[in-house]
1. For the chain, modelled as a Gaussian network with Cα springs under 10 Å, which listed residue fluctuates most, 57, 83, 122?
2. Given 0.36 nm per residue, what is the gain on full extension from residue 6 to residue 148 after removing their alpha carbon distance, in nm?
3. Once you put a point 7 Å from the Cα of residue 139 and another 7 Å from the Cα of residue 70, both along the Cβ direction, what distance in nm separates them?
4. Pop a pseudo-label 7 angstrom from the Cα along the beta-carbon direction at both residue 128 and residue 58 and give the gap in nm to one decimal.
5. Ranked by Cβ crowding within 10 angstrom, fewest neighbours first, how are 123, 133, 84 ordered?
6. Sorted by average packing, counted as other Cβ atoms within 10 angstrom per residue and highest first, what order do 4-16, 62-74 take?
7. Based on DSSP H runs of at least 4 residues, each adding -39500 (n - 2.57), what is the mean residue ellipticity at 222 nm of the chain after dividing by all its residues, to the nearest 500 deg cm²/dmol?
8. For the chain, what's the relative contact order in percent, using C-alpha pairs closer than 8 Å and at least 6 residues apart?
């Protein structure tokens, strides 16, 4: 297996978002690679446009990518006020690289980032990875309800 590189980006990930840079600061069309990763490996993030992905990244306080050579194989991000609340978003590992511990590495990198490590409560939503997140120390809260505003 080729070497795998985790990158913890600066807030808003300007080098990834604006210049499309990947590992070793190489231009790799990173937004296109992110779009492909999400389209191929998720049902909840399919069809996101490059323009909206750039805006999403710009408004994220923490962003982590995992690369194997010039292939994007992992992604996760968070938004936070850096003291009381944070939410993890869009955590995905390519299907071909699951069950290798990369999800736990990505999650650990997000949780230990400067903007999240002192936060009181960190939230996430999941449809079918509940057991994975429980194995990483997350719990289900029966006394809270997720509400979503109608479109």
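Read-outs: derived from the displayed coordinates by stated rules, not from any lab. Everything numeric in this text was worked out from a predicted model, so none of it was measured. Every residue, glycine among them, receives a Cβ derived from its backbone with ideal geometry; neighbour counts consider all protein chains shown.
1. Result for the chain, Cα springs under 10 Å: 83 fluctuates most.
2. Values: separation 142, 0.36 × 142 = 51.12 nm, distance 3.25 nm.
Extra length available between residue 6 and residue 148 comes to 47.9 nm.
3. 4.7
4. Here the answer is 3.4 nm between the modelled labels.
5. Working: 123 15, 133 18, 84 10.
By the 10 Å Cβ count, ascending, the order reads 84, 123, 133.
6. Values: 4-16: 16.6, 62-74: 22.0.
Top of the packing list down: 62-74, 4-16.
7. Numbers: 5 runs with 43 residues, N = 151.
Mean residue ellipticity at 222 nm (helix-derived): -8000 deg cm²/dmol.
8. Values: 234 pairs, mean separation 30.5, N = 151.
Value for the chain: 20 percent.
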